[in-house]
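Q: One structure is given below, represented as structure tokens, and several questions about it will come after.
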Amino acid sequence: MARIQKLPKISLMLWYDGAAEEAARHYVKAFKDGEITDIAHYPQDSMGLAGSVMTVGFNIAGAGFTGLNAGPMFKPTEATSIVILCDDQEEIDFLWDHMAEGGSHSRCGWLKDRWGFSWQITPRRLMEITTTGTPAQKARAFAAMTQMDKFVVADLEKAFAD
């Protein structure tokens, strides 16, 4: 029996064209606390194929998500992204590779997963660097950041310190 996900007041709904369960299972594998919380199926006489997966509730890193299989009418865009703050380079490397599997990389820690959703794999240290220090330190760190696809914390630190 499925456990019904208790969603927080605000959560994120992701629209898929039939791949919500596959995507949710991929995402939760990347996080120690990741879990599928519920799966609902389309009933008879509904917009979806009766018995097929309609929604998949899942949690990753303490955030609640619902994947909705609703067809090809709407596609994800870069206008919305999911930010993952990482504690170290090992976490950045793992999540970068896992989330981009079958997708594509972009600048400044952005990638697109195989379903078209944008993720930002971001070191926590970057947030500190760009909000502390002198204007020159912040400018050097920002300039270094804009030249990277996947973030390399050591290179950001070097740019900040030089």
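The values are calculated or read from the model by the stated rules, or taken from the named source; none is laboratory data. Owing to the predicted nature of the structure, the values given are computational and were not obtained by experimental measurement. So basically every Cβ, Gly included, is an ideal-geometry build from the backbone, and we count neighbours across all protein chains shown. Protein only, heavy atoms only, side chains kept; ligands, DNA and RNA dropped before computing areas. Shrake-Rupley method; radii C 1.70, N 1.55, O 1.52, S 1.80 Å.
Q: Only residues that are of a type in the set (D, E) and either open to solvent by 70 Å² or more (accessible area, probe 1.4 Å) or without any contact (Cβ under 8 Å) to a residue 24 or more places away in the chain (or both): list them for segment 130-158, please. Even if it seems obvious, please write down each step before you answer.
A: Here is the first cut: in segment 130-158, the residues of a type in the set (D, E) are 149, 155, 157.
The one that is of a type in the set (D, E) and either open to solvent by 70 Å² or more (accessible area, probe 1.4 Å) or without any contact (Cβ under 8 Å) to a residue 24 or more places away in the chain (or both): D155.
Q: Let me ask something else. So, of the residues in segment 1-24 that are small (G, A, S) and surrounded by 13 or more Cβ atoms within 10 Å (Cβ to Cβ), which turns out to be modelled with the lowest pLDDT? Reasoning before the result, please.
A: Within segment 1-24, the subset small (G, A, S) is 2, 11, 18-20, 23-24.
With the extra rule that they be surrounded by 13 or more Cβ atoms within 10 Å (Cβ to Cβ), the set shrinks to 11, 18-20, 23-24.
Values: S11: 85, G18: 96, A19: 98, A20: 98, A23: 98, A24: 98.
Checked segment 1-24; the qualifying residue modelled with the lowest pLDDT is S11.
Conditions tested, residue by residue: (1) within 29 Å of M127 (Cβ to Cβ); (2) small (G, A, S); (3) surrounded by 12 or more Cβ atoms within 10 Å (Cβ to Cβ); (4) modelled with pLDDT under 95.
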site: A30; (1), (2), (3), (4): yes, yes, yes, no
site: G48; (1), (2), (3), (4): no, yes, yes, yes
site: V53; (1), (2), (3), (4): no, no, yes, no
site: S81; (1), (2), (3), (4): yes, yes, yes, no
site: C86; (1), (2), (3), (4): yes, no, yes, no
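Q: Out of everything in segment 94-129 that is of a type in the set (D, E, K, R) and open to solvent by 50 Å² or more (accessible area, probe 1.4 Å), what residue ends up being modelled with the lowest pLDDT? If you could, list the steps in order and put the result at the bottom.
A: Looking only at segment 94-129, we keep the residues that are of a type in the set (D, E, K, R), and these are 97, 101, 107, 112-114, 124-125, 128.
When the remaining residues are screened for being open to solvent by 50 Å² or more (accessible area, probe 1.4 Å), the result is 97, 101, 107, 112, 114, 124-125, 128.
Values: D97: 97, E101: 97, R107: 94, K112: 97, R114: 98, R124: 96, R125: 95, E128: 91.
The qualifying residue modelled with the lowest pLDDT is E128.
Yes/no per residue for (1) touching a strand residue (DSSP E or B) at 6+ places or on another chain (Cβ under 8 Å); (2) closer than 19 Å to F117 by Cα:
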residue: L12; (1), (2): yes, yes
residue: K29; (1), (2): no, yes
residue: I39; (1), (2): yes, no
residue: F58; (1), (2): yes, yes
residue: A63; (1), (2): yes, yes
residue: P72; (1), (2): no, yes
residue: M99; (1), (2): yes, yes
residue: G103; (1), (2): yes, yes
